[in-house]
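One structure is given here, and the rest of the page talks about it.
The values are calculated or read from the model by the stated rules, or taken from the named source; none is laboratory data. Computed from a predicted model, the values in this text were never measured in an experiment. Every residue, glycine among them, receives a Cβ derived from its backbone with ideal geometry; neighbour counts consider all protein chains shown. Only protein heavy atoms, including side chains, enter the accessible area calculation; ligands, DNA and RNA are left aside. Shrake-Rupley method; radii C 1.70, N 1.55, O 1.52, S 1.80 Å.
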Amino acid sequence: TGLAILVGSAFTLPLVFLVWIRNTERFGREPWRAVLKAFVWGAVISVIVAIVLSLILLGAFQEIVPVYEYLSRRFGDPETAGAVLAALVVAPLAEEAAKALSVRTGRRHSETMVDGLVYGAAAGLGFSATENLFYGVAYLAELGASGSILLIVFRSFSSSLLHASATATTGYGMAKGWHTGRRWAFVPFYFVAVLMHATFNFLSTFGVLYAAQVGETAYLIGFTTTLAFAVIAVTIVRFKLAAQRRPAGR
């Protein structure tokens with residue numbers, strides 16, 4: 001029963017956000033079957049791929065001695081350096097690439113470039129739902145059931161919105177490639193998504209990294225800026241969707 005509650009908590013808000021974003025389109029809304037497929041792929045396939053890619057990239061970056069030594073000096077110890085490398089470099093690169101695989105499930109239904117925003121958001125929200133569940137289970141013993149649910153809810157209003165917005169950016173680039181025939185059109189959009197993800201991760205770890213210099217205020221700064229960043233990002237995505245003009249012939 002407890003696990004079922006955690007699963008429900010992890011998936012409920014991302015699904016609500018999925019409805020919210022999908023219905024932002026005023027014309028030619030994407031079919032639910034296709035949108036939910038992208039969500040499910042993001043929740044399952046992208047998570048598996050992201051784990052594998054993260055392990056490969058983390059091992060590769062740790063072999064780059066100058067980078068690892070610099071981070072160790074900057075943050076005081078190898079363990080913190082590894083955590084920073086994973087959060088700011090490895091996770092954004094691996095997870096945004098993995099979520100892009102799920103965006104491709106919407107290619108057949110995409111009729112305009114902004115449709116890529118919807119499928120990107122769907123894949124990102126599915127990914128975030130599973131990630132939130134992992135966090136809830138991981139902290140269950142430490143926080144208890146109510147604490148884990150609160151953690152999931154907070155992550156749903158921050159991390160889930162970030163995943164939706166970042167992958168929507170990649171999705172827009174992918175749809176641009178589908179409709180213009182430019183195969184690599186998605187590349188700059190992917191790196192924008194990676195930068196968004198890395199910035200969010202930096203803000204979310206600000207308290208841990210800088211509490212010694214700034215004090216407890218660092219946690220408040222990290223909390224507020226993380227939430228603000230995610231909300232602003234998803235607002236921009238929704239604005240782009242709402243500004244869409246009626247496609248020709250409809």
Exercise. Tell me, what is the percent relative contact order of the range 154-250, built from C-alpha pairs under 8 Å that lie six or more residues apart?
Worked result: 32 percent
For this session: Match the structure shown to one of the listed values (1) -0.27, -0.46; (2) -0.24, -0.40; (3) -0.31, -0.48 of log10 I(q)/I(0) by the Debye sum over Cα atoms at q = 0.07, 0.09 Å⁻¹, computed from it, and give that label.
Result: (2)
Exercise. What percent do you get for the relative contact order of the chain when only Cα pairs under 8 Å and 6+ apart count?
Worked result: 25 percent
Seminar exercise, completed: Counting only DSSP loop positions in the range 171-234, the trypsin sites (Lys or Arg not before Pro) whose Cβ has at most 12 other Cβ atoms within 10 Å are 182, 183
For this session: Might you tell me the accessible area per residue for the chain, computed with a 1.4 Å probe and given in Å²?
Result: 50 Å²
For this session: Quantify, in whole percent, the carbon and sulfur part of the accessible surface of the chain (1.4 Å probe; protein heavy atoms only).
Result: 68 percent
